[in-house]
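Shown next, in structure tokens, is the structure this report addresses.
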Amino acid sequence: MKILLLVCCLLLTLLIRDSSAARAGGRGSKGKGSKFGSRMLTNIRHRNPASASYYDNKDGARIIKSSHFELDYLLGRKITFVCLAQGYPRPHITWFKDSIELYSHMFFQVHEWHMGNDTIKSKIK
């Protein structure tokens, strides 16, 4: 009787684990309050002092919001990066991948919106 109970508990545990693993990759409900879905915007933290002094210059443009730039992504998945910058004169946003500038073409779509006199929003898909 104890063996049968143990086997049932193990099977139940395996079924629960498999069903939760199957749901992990699917689309779930995003809820009413979710503005960006799974793409959270974040502030940039600099990895070395040289980049911190360049980007945090008091007279330079400021990146207000940005996507997670230094993460690994799955090959073949569509990804979107967003950057919102403010400065006077209005800054220009340039996208790079592996130190190579990305231009808009059939595989990369770059969109830009001018917001007021000093702010620009850029999105790359």
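Since every read-out is calculated from the coordinates, none of them should be taken as a lab result. What you see is a predicted model; the values in this text were computed from it and never measured. We place every Cβ from the backbone using ideal geometry, glycine too, and count neighbours over all the protein chains shown.
Key figures for this structure:
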item	result
Total charge dipole magnitude, segment 37-124, about the Cα centre, Cβ charges on Lys, Arg, Asp, Glu only, Debye to nearest 20	280 debye
Per-residue Cβ neighbour rank within 10 angstrom, fewest leading, K78, K123	K78, K123
S104, S99 arranged by Cβ crowding within 10 Å, fewest neighbours leading	S99, S104
Positive dipole terminus of segment 37-124, leading residue within S53, I100, F81 (C-beta point charges)	F81
